[in-house]
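See structure below.
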């Protein structure tokens, strides 16, 4: 049976079994190497107020929030796109040294 992707849709390599995590949207259990994780910065202060305070020299705390999605939710939210087969299998040749 032909393989659709060289890495079988995972970042596992030759590791064997990996732990499972829950999708932050639907709660599905997925392998952690298959999850699509997105880190966004969150600030508890309103952005308009934060801009004014930063102009006056205040330091506004921002926190990284990492969310992990299953493939279905990542496609639904537009985090990843469905690519045509030719683009999925495209190989980029190594650049020659000059």
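The values are calculated or read from the model by the stated rules, or taken from the named source; none is laboratory data. Keep in mind that what you see is a predicted model, and the values were worked out from it rather than measured. Positions of Cβ are backbone-derived with ideal geometry, glycine not excepted, and every protein chain shown enters the neighbour counts.
List pairs: first residue in region 64-77 and in contact (Cβ under 8 Å) with a residue 40 or more places away in the chain, second residue surrounded by 13 or more Cβ atoms within 10 Å (Cβ to Cβ) and assigned to a strand (DSSP E or B) anywhere in the structure, Cβ distance under 6 angstrom, at least six positions apart or on different chains.
67/38; 68/21; 68/37; 69/36; 70/30
Considering only region 47-61, I want to know if a residue exists there that is in a strand (DSSP E or B), out of contact with any helix residue (DSSP H, G or I) (no Cβ under 7 Å at 6 or more places or on another chain), surrounded by 14 or more Cβ atoms within 10 Å (Cβ to Cβ) and free of Cβ contacts under 8 Å to residues at least 24 places away in the same chain.
So in region 47-61, the residues in a strand (DSSP E or B) come out as none.
No: region 47-61 contains no residue that is in a strand (DSSP E or B), out of contact with any helix residue (DSSP H, G or I) (no Cβ under 7 Å at 6 or more places or on another chain), surrounded by 14 or more Cβ atoms within 10 Å (Cβ to Cβ) and free of Cβ contacts under 8 Å to residues at least 24 places away in the same chain.
Report every pair of residues separated by at least 6 positions or lying on different chains whose Cβ atoms are under 9 Å apart, first residue within region 80-98 and within 29 Å of residue 68 (Cβ to Cβ), second part of a helix (DSSP H, G or I) and at pLDDT 70 or above.
Filtered contacts from region 80-98: 80/71; 80/74; 81/75; 82/75.
Where residues in region 63-92 are in a helix (DSSP H, G or I) and surrounded by fewer than 10 Cβ atoms within 10 Å (Cβ to Cβ), which of them is nearest to the chain's Cα centre (by Cα)? Break it down into steps so the answer makes sense when it comes.
Of the residues in region 63-92, the ones in a helix (DSSP H, G or I) are 71-76, 85-88.
Next, only the ones that are surrounded by fewer than 10 Cβ atoms within 10 Å (Cβ to Cβ) stay: 85-87.
Details: 85: 21, 86: 23, 87: 19 Å.
For region 63-92, the residue satisfying everything is 87.
Spot the failing condition for residue 39; the list is (1) loosely packed, with under 13 Cβ neighbours inside 10 Å; (2) within 14 Å of the chain's Cα centre (by Cα); (3) on the phi > 0 side of the Ramachandran plot, and only one is missed.
(3)
Return the total of residues in region 42-94 being on the phi > 0 side of the Ramachandran plot and in contact with a strand residue (DSSP E or B) (Cβ under 8 Å, 6 or more places away or on another chain). Talk me through it step by step, then tell me what you get.
The first filter runs over region 42-94 and keeps only residues on the phi > 0 side of the Ramachandran plot, leaving 57, 78.
Subset that is in contact with a strand residue (DSSP E or B) (Cβ under 8 Å, 6 or more places away or on another chain): none.
Residues in region 42-94 being on the phi > 0 side of the Ramachandran plot and in contact with a strand residue (DSSP E or B) (Cβ under 8 Å, 6 or more places away or on another chain): 0 in total.
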